[in-house]
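The values are calculated or read from the model by the stated rules, or taken from the named source; none is laboratory data. The model shown is predicted, which means the values in this text are computed figures rather than measured ones. Note: ideal-geometry Cβ built from the backbone for every residue, glycine included; neighbour counts use all protein chains shown.
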Amino acid sequence: MTAGASATTIDFHGQRCVEISLPQGDRAVISLFGAQVLSWRTADGTERFFLSPKAVMDGSAPIRGGVPICFPQFNQRALSGRGVPRHGFVREQVWSAGQGQRSGALAEVTLSLASSPETLAIWPHSFSANLTLRLEPNTLRTTFGVRNISDLAWPFAFALHSYLAVDDIAATKVHGLGGRTFWDGVKNLREPHLRAVQHEGPLDFNGETDRVYEGIHAPIELDHAGTRLRITQSESLPDAVVWNPAAKLCATLEDMPSDGWKRMVCLEAARINVPQVLSAGQSWSGWQQFEAA
Ligand code: TA6
């Protein structure tokens with residue numbers, strides 16, 4: 001892998017990663033395994049992402065934390081029964097990192113992945129994909145791009161499955177979802193077409209939460225311990241997933257400490273309910289951006 005002066009190859013919890021940083025002190029780390037952002041620290045020293053202390057870091061399983069990429073399916077909703085793993089397979093592939101760039105108060109690096117005999121055995125479509133991580137003071141954007149390099153159109157679903165760190169889930173609120181319709185994956189797991197409407201006012205957490213909100217056009221805000229994180233996403237990603245496993249489900253996750261659910265919430269920018277169809281030769285991209293107040 002090549003890294004420019006502004007992107008350094010580092011070992012991070014045993015994973016080969018690329019680090020980008022700014023003179024102001026902001027820093028982000030992305031793993032070659034899965035092109036998964038594992039850390040974003042703003043200049044004030046605050047770590048913004050949750051990375052499970054029990055995450056599997058040897059490349060044998062997806063990493064629990066940071067920003068896993070879900071492609072070409074979300075959970076097992078789109079391509080189930082065809083042998084594609086839950087949340088797809090790119091989060092378990094080793095990506096290549098390109099030259100990093102820094103110009104003033106902006107640093108970025110792009111990782112890439114192309115279909116291979118291994119991926120074609122899982123999902124029979126040729127693609128090339130890239131993930132660009134862009135860092136500015138107090139702001140991080142992840143952009144995923146994919147191109148259909150086969151002769152046939154194919155559909156896919158997608159999510160940037162971001163794990164955000166919170167001090168205490170019981171005192172955490174999410175603003176900006178009032179009035180949006182959602183599918184409740186806890187109450188209606190077997191009825192994916194059922195919808196409820198989110199009440200006005202902030203969403204708080206009183207138990208297992210697993211929802212796919214649709215029609216997301218305005219920013220969402222994560223509010224905890226007196227700090228706010230503003231989250232925006234591209235028009236190509238109309239859905240937002242909110243996930244917290246709470247105590248019972250968390251206890252079944254081997255790569256989570258028993259109290260890990262108290263310190264994280266996933267706020268994911270996604271395209272789930274209406275899969276994207278990509279024609280031969282066509283490209284698509286989607287991004288999620290975080291701004292710390
Ligand atoms: O995004 C929410 C979700 O689909 C949940 O249903 C939950 O299972 C979570 O993702 C984690 O999935 P994983 O395969 O990473 O354990």
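Taking the numbered list (1) away from the ligand (no atom under 14 Å from the Cβ); (2) touching a strand residue (DSSP E or B) at 6+ places or on another chain (Cβ under 6 Å) in turn, Cys266 passes all entries but (1).
Pairing residues of region 203-232 that are at negative phi and within 16 Å of the ligand (Cβ to nearest atom) with residues that are assigned to a loop (DSSP other than H, G, I, E, B) and among the aliphatic types (A, V, I, L, M), at Cβ distances under 6 Å and at least 6 apart in sequence or on separate chains, gives Leu203/Leu177; Glu208/Val186; Asp210/Val186; Tyr213/Leu177.
Scanning region 4-36 for residues that are modelled with pLDDT of 95 or more and hydrophobic (A, V, I, L, M, F, W, C) returns Ile10, Phe12, Cys17, Val18, Ile20, Leu22, Ala28, Val29, Ile30, Leu32, Phe33, Ala35.
As for region 114-124, it holds no residue that is in a strand (DSSP E or B), in contact with a Leu (Cβ under 7 Å, 6 or more places away or on another chain) and more than 16 Å from the ligand (Cβ to nearest atom).
Of all the numbered requirements in (1) of a type in the set (D, E, K, R); (2) over 19 Å from Val274 (Cα atoms); (3) surrounded by fewer than 13 Cβ atoms within 10 Å (Cβ to Cβ), Arg190 misses one, and that requirement is (2). Within region 227-280, the only residue that satisfies the criterion of being of a type in the set (Lys, Arg) and within 20 Å of Ala129 (Cβ to Cβ) is Arg271. Residues of region 73-91 that are touching a Leu at 6+ places or on another chain (Cβ under 9 Å) and more than 12 Å from the ligand (Cβ to nearest atom): Val90 alone.
Restricting region 142-166 to residues that are under 20 Å from the mean Cα position of the chain (by Cα) and assigned to a loop (DSSP other than H, G, I, E, B) leaves a set whose member that is nearest to the ligand (Cβ to nearest atom) is His161. Of the strands (runs of 3 or more DSSP E) contained entirely in region 1-50, those carrying at least 3 residues that are closer than 24 Å to Val166 by Cα and touching a strand residue (DSSP E or B) at 6+ places or on another chain (Cβ under 8 Å) fall at 15-21, 27-31, 36-41. Looking at this structure, is Arg86 surrounded by 17 or more Cβ atoms within 10 Å (Cβ to Cβ) and among the charged types (D, E, K, R)? Here the answer is no, as Arg86 does not meet what is asked.
If you go through region 167-179, how many residues are β-branched (Val, Ile, Thr), under 30 Å from Ala105 (Cβ atoms) and not in a loop (DSSP other than H, G, I, E, B)? Qualifying residue count, region 167-179: 1. Restricting attention to region 100-124, the residues being surrounded by 15 or more Cβ atoms within 10 Å (Cβ to Cβ) and small (Gly, Ala, Ser) number 5. When Cys70 is tested against (1) closer than 24 Å to His13 by Cα; (2) within 16 Å of the ligand (Cβ to nearest atom); (3) not in a strand (DSSP E or B), exactly one condition is not met: (3). Arg77 meets the conditions (1) under 16 Å from the mean Cα position of the chain (by Cα); (2) under 19 Å from His125 (Cβ atoms); (3) surrounded by fewer than 21 Cβ atoms within 10 Å (Cβ to Cβ) in every case but one. The failed one is (1).
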